[in-house]
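The values are calculated or read from the model by the stated rules, or taken from the named source; none is laboratory data. Keep in mind it's a predicted model, so treat the numbers as computed, not measured. Positions of Cβ are backbone-derived with ideal geometry, glycine not excepted, and every protein chain shown enters the neighbour counts. Note: areas computed on protein heavy atoms with side chains; ligands, DNA, RNA excluded. Shrake-Rupley method; radii C 1.70, N 1.55, O 1.52, S 1.80 Å.
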Amino acid sequence: MRKSTVGKVKGEIKEATGKATGDSRLEWEGKADRMAAAAREGIEKVHRSAQRAQDEMKRRTS
């Protein structure tokens, strides 16, 4: 499981718990975790794309 997926789920749980208990700090922590997970997901996509490009270059030069 990717770290971005884990972070997203963690954020959703924190946010829901914060809403249910009335803890606005916990709710905002959950939102922050979800935003960080979204950013990480973008980075992971770029990394996978770069890996594919690198593999393609190696395949072509071999």
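Of the listed requirements (1) modelled with pLDDT of 95 or more; (2) open to solvent by 60 Å² or more (accessible area, probe 1.4 Å); (3) on the phi < 0 side of the Ramachandran plot, E15 misses just one: (2). R40 - would you say it is open to solvent by 60 Å² or more (accessible area, probe 1.4 Å) and at pLDDT below 95? Answer is yes for this residue. Looking only at the range 13-42, count how many residues are within 14 Å of R2 (Cα to Cα) and without any contact (Cβ under 8 Å) to a residue 24 or more places away in the chain. Going through the range 13-42 one residue at a time, the tally reaches 2.
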